[in-house]
Amino acid sequence: MRLALVLVLVLLVSLMVRLVWIQGIDPANAAKAAVDARTTTQVIEPVRGDILDSEGGVLATSIVRYDLVVDQRQVKSTYTKRDPVTKTRVRVDAKDDVKALADALGLDEEAVSLAVFGKEGAAKKGYSVITKSITPEAKDKAEDVGFPYLQAIQTSQRSYPNGTLAGPVLGFMQTQLKENTDAAGNKSTEEVSAGVEGLELSQNDALSGTPGERVYEKGADGVRIPSAPLTETAAVDGQDVKLTIDSDIQWRAMEAVMAKQKEFKAEWVNAVVMEAKTGRILALADSTSMDPNDPAATETRYRSSTTVTQAFEPGSTGKVPTFALALEQGAVSATSEFTVPNALKIGKETINDSLKHQKFEMTAAGVFARSYNTGTVQIGEKLSDQDRYDFMRKLGIGSKIDIGLNGANAGLLANYSDWERRQRLTTMFGQGYTQTALHTASIMQAIGNGGVQVAPKLIDSYIDPDGTVHQTEDSATQRVVSEKTSATMRRMMETVVTDGTSTKMQIAGYRVGGKSGTAQAQGDDGKFDQHTSSFAGMVPIDDPQYIVVVTMQHPQGNWRSWTVGDTFTSIMKAVLAKNSVAPTTTEPNPFKVFVGENQNYGW
């Protein structure tokens, strides 16, 4: 008994000392601690910026929505609130407000009750979701109920109004869990959205903006104290990202490659459309085009654009570097003469052409036009392996092309010192290394632009919420060949279309130049029993304005029937019409294909 009395006296003395300390010696800190305990910080989410096409059309936008949440730890069974009719404070049962809230939202009362009060006996949640992504109008109805513990968290629901149009370029958003810890050390989780693919990922920092915050005091019942100070830092909304993509051309290109994929049951078909003078990309089209509104419906590898992610052996479009370098170094001219057999043995390797033909006396331009491997290796042998490798690297082969899309494929180009005996020959005609469709377009752009390569550009500018426009930096440029070599190559490319492998690529009223390509490709079983077929062309060839590259992977059926000619011409016609390019007034000016007067030899 005596011990108990002593303990009581010690406790009373301790309390008195603490009271004296708080009220007399350290009142400021005590008051601060009380305010801190009542203070709540609420994050104000910014509105994510839009992604726009070249004309300002919306490709991706954010719709303001609200999540309704409660902190179950703060919810009381009864509380007082102001009656809107009598203007007096009345005591309310929380269950009544929960029912009114469910009615206002059109939700199941039991589900709302569970979200508000939690499961009986279970730990209370600091962040419990009643409903998600409701409209501002629905949020207002919910707040009119006057449930004091209700929090409306502004969110953004991402919308892609054009569905699959440029879907693999835009990418998509995904909900992720974020862990938060409040001032008292209580942990809670919330769902946040972030870009996980395409431009939504690479441009996330610009699009996201900067969150703001609202700081206020709340009483023991969890309700904000009206008379207490309120501080608010406004959120800064994200920037809009404006692209070089032309939606009309993108749509026409997408329709064309989808039709081609269906025709030949190909694994995929894609198209790149680019301005020849600037490197600006007008379209990146895929035959399997993801709808960012429902990305799960598309196979993972097609959620990114195959124009930048899929590398392949280019085949005869890969003859462009060999011929361009040979002209640049003066090793050959377009009219240099070669004896071109169907098969040619070089050392221990035999090079064959795809179709058997008689032995021809041909010009270099003719070899290029008919795409004979046996003639090409004769020209390639006039160049050193190191020079060819260095030139291919200079053109960008073996390096990633950064246009702001994740997953860019660099392709594969082994160092010349590592080339095997046959590989040093096959690299002359587009085999033994890989590149993407965008690499092909970039190389053609250099040839079409007087020998000056301009780095491809997809992002035009960033636009602040107040409308201020920030243009992206000018694309890097480099001269890769002389204007003379460029002009000769363009004329040789015109010969391809007038008298060579690509007569189906002609467009009435316009001078067209380009290069076709077919290469063996590896199938799923590792065997090289599949093919890649492509065409890269430019119009008008005397002063190129636009580049179109079409690539088809693993077409089925007889290889003699494979063609992407109609795909190229349909896309190019759409580009010319959209940009009001006047018909060509000059006549075609092809080189002779064969030595001598007779130019009518069969294939």
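Okay, here's what the table says:
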read-out: In sequence order, calculated HN-Hα J values of the range 87-97 (Karplus, 6.51, -1.76, 1.60; Hz; x Gly/Pro); value: 6, 10, 7, 10, 7, 10, 7, 4, 4, 5, 5
read-out: Per-residue ³J(HN,Hα) for the range 261-275, Karplus 6.51 cos²θ - 1.76 cosθ + 1.60, θ = phi - 60°, Hz, x for Gly and Pro; value: 4, 5, 4, 10, 6, 6, 5, 7, 9, 9, 9, 10, 10, 9, 6
read-out: Calculated over the chain: convex hull of Cα atoms, volume per residue (Å³); value: 251
read-out: Distance between modelled label sites at residue 174 and residue 123, nm, 7 Å Cα→Cβ extension; value: 2.8
read-out: Probe 1.4 Å, accessible area per residue of the chain, Å²; value: 47
read-out: Per-residue HN-Hα couplings for the range 501-513 [Karplus 6.51, -1.76, 1.60; θ = phi - 60°; Hz; x = Gly/Pro]; value: 6, 10, 5, 6, 8, 5, 10, 4, x, 9, 8, 10, x
read-out: Share of alpha-carbon pairs per 5 Å distance bin for the range 95-160, given as whole %; value: 3, 16, 28, 26, 15, 8, 4, 1, 0
read-out: The chain, relative contact order in percent, only Cα pairs under 8 angstrom and at least six apart counted; value: 14
read-out: C-alpha center-to-center spacing [the range 390-435, the range 292-358] in angstrom; value: 11
read-out: P(r) weight above 25 Å for the range 478-601, C-alpha pairs, percent; value: 34
read-out: Formal net charge of residues neighbouring residue 361 (Cβ-Cβ distance under 13 Å; K, R +1; D, E -1); value: +1
read-out: Average Cα contact separation per residue, the range 247-579, under 8 Å, 6 or more apart, as relative contact order %; value: 23
read-out: Helix axis angle, 385-394 relative to the chain longest principal axis, alpha carbon, degrees; value: 40
read-out: Formal net charge of residues neighbouring residue 287 (Cβ-Cβ distance under 13 Å; K, R +1; D, E -1); value: -1
read-out: Solvent-accessible area, 1.4 Å probe, carbon plus sulfur percent, for the range 247-579; value: 45
read-out: Angle in degrees between helix 483-499 and the longest Cα principal axis of the chain, rounded to the nearest 10; value: 80
read-out: Fraction in percent of alpha-carbon pairs per bin - 5 Å, the range 434-516; value: 3, 13, 16, 17, 17, 12, 8, 6, 5, 2, 1, 0
read-out: Simple label model, 7 Å out from Cα along Cβ direction - residue 151 to residue 359, nm; value: 8.7
read-out: Pairwise FRET efficiency - residue 277 versus residue 141, Cβ, R0 = 60 Å, nearest 0.05; value: 0.60
read-out: Lys/Arg +1, Asp/Glu -1 at C-beta; the chain dipole; positive extreme among 92, 591, 411; value: 411
read-out: Hydrodynamic radius by Kirkwood, which averages 1/r over all alpha carbon pairs of the range 247-579, in angstrom; value: 20.0
read-out: Two-site label geometry, residue 333 and residue 417: point separation in nm, points 7 Å out along Cα→Cβ; value: 3.8
read-out: Efficiency of FRET from Cβ geometry, residue 400 and residue 78, R₀ 56 Å, rounded to 0.05; value: 0.30
read-out: MRE, 222 nm, helices only [DSSP H, n ≥ 4, -39500 (n - 2.57), over the chain, to nearest 500]; value: -8500 deg cm²/dmol
read-out: Contour minus Cα-Cα distance for residue 91 and residue 580 (0.36 nm per residue); value: 168.7 nm
read-out: Cα centroid separation, the range 458-535 to the range 51-85 (Å); value: 48
read-out: Rounded tilt (10° steps) of 565-578 against the dominant C-alpha axis of the chain; value: 60
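The values are calculated or read from the model by the stated rules, or taken from the named source; none is laboratory data. These numbers were taken from a predicted model, which means no experiment stands behind them. Glycine gets a Cβ as well: all are built from the backbone with ideal geometry, and neighbour counts include every protein chain shown. For accessibility, only protein heavy atoms count, side chains too; no ligands or nucleic acids. Shrake-Rupley method; radii C 1.70, N 1.55, O 1.52, S 1.80 Å.
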